[in-house]
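> One structure coming up, written as structure tokens, with questions to follow.
The values are calculated or read from the model by the stated rules, or taken from the named source; none is laboratory data. Keep in mind it's a predicted model, so treat the numbers as computed, not measured. Here Cβ is always computed from backbone atoms with ideal geometry, including for glycine, and neighbour counts include all displayed protein chains.
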Amino acid sequence: MPAITLPLTDLDQAARLLEPGSLAELGELMAQAGRARQSAHGQTVELCAIVNARSGRCSEDCAFCAQSAHHHTQAEVYPLLEADEIVARSRAAAAAGATRFGIVTSGRGCPQGPDLDEICRAVEAIRREGHVSPCGSLGLLRPDQARRLADAGLTRYHHNLEAGPSHFPRICASHRFEDRVETVRLAQAAGLEVCVGGIVGLGETPRQRAELALATAQLDPESVPLNFLNPIPGTRLGHLPQLTPVQALAAVAVFRLMLPAKARLRTCGGRQQVLGPLAPLMYLAGADATMIGNYLTTEGRQPADDLADLAALGLRPIGREI
């Protein structure tokens, strides 16, 4: 395989790389992506964790989501957690090794009124304690909400594109791909870093998977969460097969080659189910960040196991950057 000029922007080339014809081809692809990771971030890996701070009954119809009111799943339903509980969860995340902590709420848009007040109180307390850097994943934003969160001390806003522009209408009809892009831009305008990526394995073609990587790269994010569909019964995509480990590792490598060098490529939901015992190979394929602990509605790996993987590969978690 010839050397790939970085960043990779050719969608046809990326689509071909996403479907390696042999393990040898996958190995060559991973080697190039691994060198790109090493050049950008050395031996360091950033660890984050999240809290599902408000769960269920989301009005949006995202085809993969267990929390959508349009689906019938076993996802928990509860209102916003109190600030003290959110802060306590952030302490537990820090104790497990995370340096970033995401407050996540279900629903179309950022909470308003008393709920936004409570989130800001939690953010302010987390900043005062200084054990982790607070991030938010709170839905579609208005400019005033973005400024309020930034003033409270939020450091990074997470809002996935979920799928590439040509596949997105098959995944969500209750809002537009452009609405998601606008929220990312509003967060950046308020001075927040952004964490933006999506999910692979949503029934998209390899070229559409590459579209997601390119659209993400064009937003110049600091962090890119890469999720692998874990089909949940009761959702519209509950019938889809999981990606193979080869497809997942190829996706990690191609995303690394298409993204800005500064962006941390963060493996998140589905990595345990899709990669299984091959999960440590994601770092050799270009990942330099991951989410530890549980996800929104599914369990993750034990943080100690992730830390053991890093040590075995000679990698080290980065310290706090607050």
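> In the list Cys65, Cys135, Cys110, which residue meets the criterion of being over 30 Å from Leu307 (Cβ atoms) and not small (Gly, Ala, Ser)? I'd like the intermediate steps shown before the answer.
Values: Cys65 fails: over 30 Å from Leu307 (Cβ atoms); Cys135 fails: over 30 Å from Leu307 (Cβ atoms).
That would be Cys110, the only listed residue that is over 30 Å from Leu307 (Cβ atoms) and not small (Gly, Ala, Ser).
> Does the range 42-49 contain any residue that is at pLDDT 95 or above, closer than 19 Å to Gly136 by Cα and of a type in the set (D, E, K, R)?
Yes, that holds for at least one residue.
> Is the range 149-158 home to any residue that is under 20 Å from Ser223 (Cβ atoms), basic (Lys, Arg) and surrounded by 18 or more Cβ atoms within 10 Å (Cβ to Cβ)?
Within the range 149-158, one or more residues are under 20 Å from Ser223 (Cβ atoms), basic (Lys, Arg) and surrounded by 18 or more Cβ atoms within 10 Å (Cβ to Cβ).
> In addition: Could you figure out which of (1) touching a strand residue (DSSP E or B) at 6+ places or on another chain (Cβ under 8 Å); (2) farther than 30 Å from His167 by Cβ; (3) among the acidic types (Asp, Glu) isn't true of Glu60?
The single condition Glu60 does not satisfy is (2).
> Here is a list of conditions, (1) of a type outside the set (A, V, I, L, M, F, W, C); (2) surrounded by fewer than 16 Cβ atoms within 10 Å (Cβ to Cβ); (3) assigned to a loop (DSSP other than H, G, I, E, B), and Glu60 meets all of them except one; can you say which number that is?
Going through the list (1) of a type outside the set (A, V, I, L, M, F, W, C); (2) surrounded by fewer than 16 Cβ atoms within 10 Å (Cβ to Cβ); (3) assigned to a loop (DSSP other than H, G, I, E, B), Glu60 breaks only (2).
> Hey, another quick one. I need the full set of residues from the range 174-200 which are in a loop (DSSP other than H, G, I, E, B) and under 30 Å from Pro241 (Cα atoms), in order please.
The answer is Ser174, His175, Arg176, Val196, Gly197.
> So Ala312 fits all but one of (1) in contact with a helix residue (DSSP H, G or I) (Cβ under 9 Å, 6 or more places away or on another chain); (2) small (Gly, Ala, Ser); (3) more than 17 Å from Ala95 (Cα to Cα); what number is the exception?
Against the list (1) in contact with a helix residue (DSSP H, G or I) (Cβ under 9 Å, 6 or more places away or on another chain); (2) small (Gly, Ala, Ser); (3) more than 17 Å from Ala95 (Cα to Cα), Ala312 comes up short only on (1).
> Given the residues Gly42, Gly136, Gly97, Gly102, which is the only one that is within 18 Å of Thr290 (Cα to Cα), surrounded by fewer than 19 Cβ atoms within 10 Å (Cβ to Cβ), within 20 Å of the chain's Cα centre (by Cα) and of a type outside the set (A, V, I, L, M)?
Working: Gly42 fails: within 20 Å of the chain's Cα centre (by Cα); Gly136 fails: surrounded by fewer than 19 Cβ atoms within 10 Å (Cβ to Cβ); Gly102 fails: surrounded by fewer than 19 Cβ atoms within 10 Å (Cβ to Cβ).
The unique qualifying residue is Gly97.
> Give the range 204-224 a look and list any residue that's of a type in the set (D, E, K, R) and surrounded by fewer than 19 Cβ atoms within 10 Å (Cβ to Cβ), or say none. Please lay out each step first, then the result.
Here is the first cut: in the range 204-224, the residues of a type in the set (D, E, K, R) are 204, 207, 209, 211, 220, 222.
Answer for the range 204-224, where residues must be of a type in the set (D, E, K, R) and surrounded by fewer than 19 Cβ atoms within 10 Å (Cβ to Cβ): Arg207, Asp220, Glu222.
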